[in-house]
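Below: the structure, in structure tokens.
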Amino acid sequence: QVHLVESGGGSVQAGGSLRLSCLASIYLRCMAWFRQVPGKEREEVASIPLDLTPTYADSVKGRFTISKDDDKRILFLQMNSLKPEDTAMYYCAADRSCRGDFNTWGQGTQVTVSS
């Protein structure tokens, strides 16, 4: 079994920063961060695809940075200038085939941003 474990969530005031981490049990090339608010559609926040060039949702571009330490098998999401609308459960995910199907998920970590 492949396991992903997120950490680093918490409560911060608007304008603050958080760094999320996702520890993987094996090396995974194609990974991404998603977020979801109850009653709303799950949103892809940032992704490292096959070519390793990060992509970002327009809502977080310029504020969030996705990166990966392959030696430690950790995926990061650096979140700066946080806004209340960033409040969500954040999940890391892996696309084992690098073809767009995210089939491995972590348990999630909550991020809450107050105004």
Original post:
residue 87 fails exactly one of the following numbered conditions: (1) in contact with a His (Cβ under 9 Å, 6 or more places away or on another chain); (2) within 17 Å of residue 17 (Cα to Cα). What is the number of that condition?
Top reply: (1)
Original post:
Any chance the stretch 40-47 includes a residue that's farther than 25 Å from residue 1 by Cβ and surrounded by fewer than 14 Cβ atoms within 10 Å (Cβ to Cβ)?
Top reply: yes
Original post:
How about the stretch 55-106: which of its residues are of a type in the set (Asp, Glu) and loosely packed, with under 15 Cβ neighbours inside 10 Å?
Top reply: 58, 69, 70, 71, 85, 101
**OP:** Answer yes or no as to whether residue 115 is in contact (Cβ under 8 Å) with a residue 24 or more places away in the chain, over 20 Å from residue 7 (Cα atoms) and open to solvent by 20 Å² or more (accessible area, probe 1.4 Å).
**Re:** yes
**OP:** Select from the stretch 58-107 the residues that are aliphatic (A, V, I, L, M), assigned to a strand (DSSP E or B) and touching a residue at least 40 places away in the same chain (Cβ under 8 Å) and list them in ascending order.
**Re:** 74, 75, 77, 79, 88, 89, 93, 94
Original post:
Within the bounds of the stretch 12-20, is there any residue that is free of Cβ contacts under 8 Å to residues at least 60 places away in the same chain and either touching a His at 6+ places or on another chain (Cβ under 6 Å) or open to solvent by 50 Å² or more (accessible area, probe 1.4 Å) (or both)?
Top reply: no
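The values are calculated or read from the model by the stated rules, or taken from the named source; none is laboratory data. Please read all numbers here as calculations on a predicted model, not as lab measurements. Cβ sites come from the backbone with ideal geometry, for glycine too, and all protein chains shown count toward neighbours. With ligands, DNA and RNA removed, areas are computed over all heavy atoms of the protein, side chains included. Shrake-Rupley method; radii C 1.70, N 1.55, O 1.52, S 1.80 Å.
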